[in-house]
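Undergrad: Handing you this structure, nothing more for now.
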Amino acid sequence: MLIVIFLLFIPWVINNGDQIGSFNPLSNETVGNYQSNTCEISLFQFLSIDHVENFEIRFDKSGSINCFSKINGADFFNNKLIVYLGTNLNIDFLLQSSFWLVLISFIPVSEKKMRLKFQDISIFLTTLLFCVHFIAESGYYNLNSKIYSQNFNNNFVLYSLLITVFILLKIFSFLMENRSNSFVEYLPFLFVLVGSYHSLNLNIFLIIFVFIGINFTIQNRKLLFGLFFVIPISSFWVQRISKEFVFFDIDKLNGFSSSAYNPLSILFWSFAYYFLIVGFVNLLNRTYKNLNLERIKFNFLVSGGLLMFLSMISALSTLGNFLIYYFLGLQKTGSKSLESVQENAWRGISSSAESVGEFYAFTILIVAILAIRSKTYRLRNVEYVLLIANIYGLYRSNNFAAFSSLLVLIVIFYLHSNIENKKQLIILTLLTLSFFPVIYITIFNTYSLEDASRKLIKEGLEISYIENLETNEWNLNAVDQNRFLEVLQSQKDKDAVSSSLTYLVEKYHYSDRNYIPNITTTLSTIASPVNRGEKWGVFFGKYDPSVKTFFFGTGVNNIINYYLNHPTTINEGLVLPHSSILSYLIFIGFNGLIVFFGFVLFKIYKNRSNPIYLILLTFFLINILKNDNLLYLNSLILFMFVIFCDKLLHKEKTVNE
Amino acid sequence: MDKEITEICGNSEIIPDFEMIGNNPTFIFTPDPSFNVISLYDSAGNSINVNSWLECANYVNGGWSTSISAFSNYEEHLFLILSIASIGLIFYEKFFLKRRNHSS
């Protein structure tokens, strides 16, 4: 605990300067002094000055080592005082890794040891893989370090990064020896300790699971054989690169999305993704016998409670906001107030309100189904308190899809556990399933079926660069009048409208009937009630695949080609597809999705008599349809846990019986 | 000719008058289309792309270099510390941990 406190505060205190006397409290008048005297005083010294006015701390990521933790400038911008704190690529990597390794060391040791074989070669290969990353995404690192270079000659910045990967993995190996058996039980904490580095496009859990994945792969022929699949598919993705992009601002996806579109970045993310999945799934499979569902449930509750508590601190304190962002490795600074913003959602310290809402809902779901299964419905007092925090978190996240799916699934599970009469069970299940759709259609729906069926096309065309759109006497153009095909035909530049949108428009017009099951109408009609008409319309406006990239994708964790290759009116800021399925359509293509859903169906069939498994998986499948959660490492790991937790649930069932 | 200038900027028949350039605040370097652009860095980590041999020679003469690491003493020190730490870790593992594991 002492080490945690030491790491939390000492870095901002030790790098003191001796010019403190020349700095007055920060105000409009003294900003100039802070601008001209950079890297003179530490954060601690700055905070010890008696400031009267409110200010915000922002980072200057490109600071030198000497400038780390020192005030590197100030601004008065939009009626707000902003102070810049110098941070440094190498020190961030070292300091954040040290802090997180100390937190990992808090996982209780178990008597059973798991010594990793081929540890040294695994560390070497992992370091080599991350070296590829540092070279591939130099555009990102050039922004975060003035002296970053791809040149290997005397490049101490790069050497230090690689040696830090080595030290991190070495220490992690020591820690894992006694903790690997219960490591997976602590995965809920990934939503609190996100682990994304401040000035690196990496996440500590990515490094760790890639390392474990490489270790398992070199010990297992089947997994090695898997590489014969990764190599050709990544080569295919590399060959499809028509235009390279050196840098793309991945914003809140930091740590788990490529910032460059070039052959090396495609290769890195392909291999990293494979090893990540192999690492997590094999660790789960090897340790599931030691895992305990009750402990996992409690960890979910604690994580949710902590998340809520830290979100409050982050919102109420400038210093808290800064420390929580840095030491929990957030992908985006936490909300700076308790007020809800877009669509009344409050994300707290999470980068996405949807993602955290789903986490809270999942926690409540686990608690509910375990309570229903045990038929005691009893929780400990502390669990009640934590449950209330999770319910409040779900309420603040305003994730209606998560809330409604949670409610429906709990009721269905309750019915399944308590009603033995099959007829009654089927009727009540159908009534439950139709509850929310009926409420929506009768009370909330504002679209006619016709409007809903073409909303997607309208939104897509809205963001396309369309020329010669004549308007009539009521100022309505062809898009307003639903003459979409005419819009396509009037374009001189046939590439102005994306290939996917062209396909949807043509399907809508040339089919015998443009009602369901017409593909355009079906997609558009599904999109409207889940409030995705606009977002998915934007997706199809931008998504411009060739036949080959439609079927095989353009590479995992890389949205750059999708985003920049086809110009639209929305080319700034990060606008995500708002559906993990659409995101993965970009990554792995239609064939990849078929394989994925085939596997999920196989798992569902295999576990058809395991209701808990079916409920947990259904919850995720419903929600990934309309959110981007699988673009975040913690949500992806939780999803993998749900898909592969069948053995754990089966073991628990056997024990209970 | 300064050896460093030749190494970084290449050979040229031009005999540069650095004093004249330094004393003339309005001096403008004319880009040479046949000259491959070179990136140079100063001790603060600032970078500049030079477009002619004369411009390149002038900056190199002023202390700029193509090697960023030539200036990054802090980075070098950090690298040394990390190297020592990693060697320490290897020794710790080989001698202390293994011995402890054997005895337990």
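Undergrad: Out of the helices (runs of 4 or more DSSP H) lying entirely within the range A:380-462, which hold 3 or more residues that are surrounded by 20 or more Cβ atoms within 10 Å (Cβ to Cβ)?
TA: A:381-397, A:400-418, A:449-462
Undergrad: Would you point out the residue of the range A:74-115, among those that are within 12 Å of chain B (Cβ to nearest Cβ) and not in a helix (DSSP H, G or I), that is modelled with the lowest pLDDT?
TA: Within the range A:74-115, the match that is modelled with the lowest pLDDT is A:R115.
Undergrad: Just name the residue that is nearest to the other protein chains (Cβ to nearest Cβ) out of those in the range A:26-42 that are farther than 25 Å from A:I324 by Cβ and in a loop (DSSP other than H, G, I, E, B).
TA: As a first pass, look at the range A:26-42 and keep what is farther than 25 Å from A:I324 by Cβ: A:27-33, A:35-38, A:40.
Checking which are in a loop (DSSP other than H, G, I, E, B) leaves us with A:27-30, A:37-38, A:40.
Working: A:S27: 29, A:N28: 29, A:E29: 28, A:T30: 25, A:N37: 15, A:T38: 11, A:E40: 15 Å.
Checking each candidate, the answer is A:T38.
Undergrad: Hey, any hits in the range A:228-241 for a residue that's more than 30 Å from A:G334 (Cβ to Cβ), of a type in the set (V, I, T) and not in a helix (DSSP H, G or I)?
TA: yes
Each row is one residue, and each column tells you yes or no for (1) under 20 Å from A:R532 (Cβ atoms); (2) outside the structural domain of A:Y613 (by TED's automatic domain parsing).
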residue	(1), (2)
A:A402	yes, no
A:L430	no, no
A:S434	no, no
A:G460	yes, yes
A:E473	no, yes
A:R483	no, yes
A:L488	no, yes
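Undergrad: Which residue, of A:S138, A:S160, A:S180, is small (G, A, S) and either over 26 Å from the mean Cα position of the chain (by Cα) or surrounded by 23 or more Cβ atoms within 10 Å (Cβ to Cβ) (or both)? Before the answer, list the steps.
TA: Working: A:S138 fails: either over 26 Å from the mean Cα position of the chain (by Cα) or surrounded by 23 or more Cβ atoms within 10 Å (Cβ to Cβ) (or both); A:S180 fails: either over 26 Å from the mean Cα position of the chain (by Cα) or surrounded by 23 or more Cβ atoms within 10 Å (Cβ to Cβ) (or both).
Every option except A:S160 fails the conditions.
Undergrad: Something else: For the range B:62-77, what are the residues that are crowded, with 16+ Cβ neighbours inside 10 Å, more than 7 Å from chain A (Cβ to nearest Cβ) and either touching a Leu at 6+ places or on another chain (Cβ under 7 Å) or at pLDDT 80 or above (or both)?
TA: B:W64, B:S65, B:T66
Undergrad: Pull out all pairs, ordered by first then second residue, where Cβ-Cβ is under 6 Å, the residues are six or more apart or on different chains, the first lies in the range A:389-416 and is closer than 16 Å to A:R373 by Cα, and the second is aromatic (F, W, Y).
TA: A:L409/A:F619
Undergrad: Can you name the residue in the range A:2-25 that is assigned to a helix (DSSP H, G or I) and among the aliphatic types (A, V, I, L, M) and is also farthest from the chain's Cα centre (by Cα) among such residues?
TA: Kept after step one, since they are assigned to a helix (DSSP H, G or I), are these residues of the range A:2-25: A:2-12, A:20-22.
Within this subset, residues satisfying the condition of being among the aliphatic types (A, V, I, L, M) are A:2-5, A:7-8, A:10, A:20.
Numbers: A:L2: 31, A:I3: 29, A:V4: 26, A:I5: 28, A:L7: 26, A:L8: 25, A:I10: 31, A:I20: 41 Å.
Going through the qualifying residues, I end up with A:I20.
Undergrad: Here is a further query. Working only within the range A:239-252, note down all residues that are under 26 Å from the mean Cα position of the chain (by Cα) and free of Cβ contacts under 8 Å to residues at least 60 places away in the same chain.
TA: Selection gives A:E244 alone.
Undergrad: Here is a follow-up. Would you point out which residue out of A:I135, A:I147, A:I123, A:I163 is in a helix (DSSP H, G or I), facing chain B (nearest Cβ under 9 Å) and not charged (D, E, K, R)?
TA: Numbers: A:I135 fails: facing chain B (nearest Cβ under 9 Å); A:I147 fails: in a helix (DSSP H, G or I); A:I123 fails: facing chain B (nearest Cβ under 9 Å).
It is A:I163.
Undergrad: Something else now. Tally time: how many residues in the range A:242-284 are over 26 Å from A:S546 (Cα atoms) and not hydrophobic (A, V, I, L, M, F, W, C)?
TA: 6
Undergrad: Being part of a loop (DSSP other than H, G, I, E, B), touching a helix residue (DSSP H, G or I) at 6+ places or on another chain (Cβ under 6 Å) and acidic (D, E) is the filter here, so list the residues in the range A:317-358 that pass it.
TA: none
Undergrad: Follow-up. Determine whether B:V50 is at pLDDT 85 or above, in the same structural domain as B:T6 (by TED's automatic domain parsing), surrounded by 13 or more Cβ atoms within 10 Å (Cβ to Cβ) and within 29 Å of A:N66 (Cα to Cα).
TA: Here the answer is no, as B:V50 does not meet what is asked.
Undergrad: Could you identify the single residue in A:V367, A:V382 that is more than 18 Å from A:I622 (Cα to Cα) and out of contact with any helix residue (DSSP H, G or I) (no Cβ under 8 Å at 6 or more places or on another chain)? Show your work before the answer.
TA: Numbers: A:V367 fails: out of contact with any helix residue (DSSP H, G or I) (no Cβ under 8 Å at 6 or more places or on another chain).
The match here is A:V382.
Undergrad: When you go through A:F268, A:F280, A:F248, A:F298 one by one, which is the residue that is assigned by TED's automatic domain parsing to the domain that holds A:I372, crowded, with 17+ Cβ neighbours inside 10 Å and under 27 Å from A:S97 (Cα atoms)? It would help to see each step written out before you state the result.
TA: Details: A:F268 fails: assigned by TED's automatic domain parsing to the domain that holds A:I372; A:F280 fails: assigned by TED's automatic domain parsing to the domain that holds A:I372; A:F248 fails: assigned by TED's automatic domain parsing to the domain that holds A:I372.
On inspection, the qualifying residue turns out to be A:F298.
Undergrad: Here is a further query. Would you check if A:V438 is farther than 29 Å from A:S609 by Cβ and assigned by TED's automatic domain parsing to the domain that holds A:W346? Talk me through it step by step, then tell me what you get.
TA: Numbers: farther than 29 Å from A:S609 by Cβ: yes; assigned by TED's automatic domain parsing to the domain that holds A:W346: yes.
For A:V438, the condition - farther than 29 Å from A:S609 by Cβ and assigned by TED's automatic domain parsing to the domain that holds A:W346 - is met.
Undergrad: Taking the range A:263-288 on its own, how many of its residues are farther than 11 Å from A:C645 by Cα and either of a type in the set (A, V, I, L, M) or touching a Lys or Arg at 6+ places or on another chain (Cβ under 7 Å) (or both)?
TA: Residues in the range A:263-288 being farther than 11 Å from A:C645 by Cα and either of a type in the set (A, V, I, L, M) or touching a Lys or Arg at 6+ places or on another chain (Cβ under 7 Å) (or both): 8 in total.
Undergrad: Across the range A:166-186, what is the total count of residues that are away from every other protein chain (no Cβ under 11 Å) and within 24 Å of A:L95 (Cβ to Cβ)?
TA: 6
Undergrad: Give me the residue from the range A:43-73 that is touching an Asp or Glu at 6+ places or on another chain (Cβ under 8 Å) and away from every other protein chain (no Cβ under 14 Å) and, out of that set, nearest to A:Q19 (Cα to Cα).
TA: Of everything passing the filter in the range A:43-73, A:I71 is nearest to A:Q19 (Cα to Cα).
The values are calculated or read from the model by the stated rules, or taken from the named source; none is laboratory data. Small disclaimer: the values here were computed from a predicted structure and weren't measured. Positions of Cβ are backbone-derived with ideal geometry, glycine not excepted, and every protein chain shown enters the neighbour counts.
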